[in-house]
Amino acid sequence: EAGVAQSPRYKIIEKRQSVAFWCNPISGHATLYWYQQILGQGPKLLIQFQNNGVVDDSQLPKDRFSAERLKGVDSTLKIQPAKLEDSAVYLCASSLGANTEAFFGQGTRLTVV
Amino acid sequence: GNSVTQMEGPVTLSEEAFLTINCTYTATGYPSLFWYVQYPGEGLQLLLKATKADDKGSNKGFEATYRKETTSFHLEKGSVQVSDSAVYFCALRDDKIIFGKGTRLHILP
């Protein structure tokens, strides 16, 4: 079974530029998550989707971050404009439902210079 | 709100030593508890889980028991190997998954 796919694996941008990350969850998984993992810290939930609806985006900095999950499958996370403190690994995960095991992708490492 | 606290690292042990990584949690409900592992250059992988009090999760020689009375889920392994070197995250799931800060483990040959 294919796992959670994310791209790109690495991205370097200058501050104030825009960037987008893509996630393809495991087939049939209704729940999709985006996490931010800053170096030396645990992952922090940014947004959780159930199908194409947002369940929780309480920790998403909405002035610069946006995410969508069209058709309840793939998802994109966008940062516009980026700040230095956005440097982190962005992890996508999916699960069959809200209370089942979550599977993680390898992440996108973002460096903002 | 819900939270997870785990011991700070790095933890350095010799091969075949006994491992304990402490994890305690705060939750208003009855969460499921997890240990995830992150090997160098790789994504998070579920190591083991427990869904209710007194459940014991186990995998690859690692064990953790869901202790409701002490709100703990400590990770243990009787004899560690160099290949166990990684970052270990304790996590709980109530309405969402919340992670601890992670504990880096170094095993010396």
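The values are calculated or read from the model by the stated rules, or taken from the named source; none is laboratory data. Bear in mind the structure is a predicted one, so any value in this text is a computation, not a measurement. Using ideal geometry, Cβ is built from the backbone for each residue, glycine included, and neighbour counts are taken over all protein chains shown. Calculation scope for accessible area: heavy atoms of the full protein, side chains included, ligands and nucleic acids excluded. Shrake-Rupley method; radii C 1.70, N 1.55, O 1.52, S 1.80 Å.
In this rough spin-label picture, where each label sits 7 Å from Cα along the Cβ direction, the B:GLU42-A:ARG16 distance is 4.2 nm.
The modelled label-to-label distance between A:LEU39 and A:LYS83, using points 7 Å beyond Cα along the C-beta direction, is 1.9 nm. Computed from the C-alpha gyration tensor, the three semi-axes of the ellipsoid equivalent to the range A:37-105 are 21, 15, 10 Å, from longest to shortest. When the P(r) of the range A:28-72 is calculated, the portion above 13 Å amounts to 55% of the C-alpha pairs. Over all Cα atoms in the protein assembly as shown, the spread is summed up by Rg and Dmax: 17.5, 50 Å. A simple rule links phi to the HN-Hα coupling: the Karplus curve 6.51 cos²θ - 1.76 cosθ + 1.60 with θ = phi - 60°, which for the range A:18-30 gives 10, 8, 9, 10, 10, 9, 10, x, 5, 4, x, 7, 7 Hz, with x for Gly and Pro.
Using heavy-atom solvent-accessible surface (probe 1.4 Å) with all chains present, what is the largest-first order of B:VAL80, A:VAL55? Numbers along the way, then the final one.
Details: B:VAL80 0, A:VAL55 85 Å².
Largest accessible area first, the list is A:VAL55, B:VAL80.
Which FRET efficiency, nearest 0.05, do B:GLN81 and A:GLN59 yield, Cβ-Cβ r, R0 45 Å? After rounding, the FRET efficiency stands at 0.80.
Rounded to the nearest whole Hz, the Karplus-based 3J(HN,Hα) values (6.51 cos²θ - 1.76 cosθ + 1.60, θ = phi - 60°) of the range B:25-31 follow the sequence 9, 10, 8, 7, x, 10, x, with x at glycine and proline. Given +1 at the Cβ of Lys and Arg, -1 at the Cβ of Asp and Glu and no other charges, the dipole of the range B:49-108 around its Cα centre is 140 debye to the nearest 20. Within the same chain, lysines fewer than 8 places from B:LYS52 are excluded, and of the rest, those with a Cα less than 28 Å from its Cα are A:LYS44, B:LYS60, B:LYS68, B:LYS77, B:LYS96, B:LYS101. Using the Cβ of B:GLY100 as centre and a radius below 14 Å, the other residues enclosed give a net charge of +3, where K and R count +1 and D and E count -1.
Near A:ILE47, the amide H atoms lying under 5 Å from its own belong to A:TRP34; only residues 5 or more places off or on other chains count, and H is placed 1.01 Å from N.
A crude spin-label estimate for the pair A:SER66 and A:SER7, with each label 7 Å from Cα along the Cβ direction, gives 2.3 nm. Backbone phi angles across the range B:35-40, fed through the Karplus curve with coefficients 6.51, -1.76 and 1.60 (θ = phi - 60°), yield HN-Hα couplings of 10, 10, 10, 10, 7, x Hz in residue order; Gly and Pro are listed as x.
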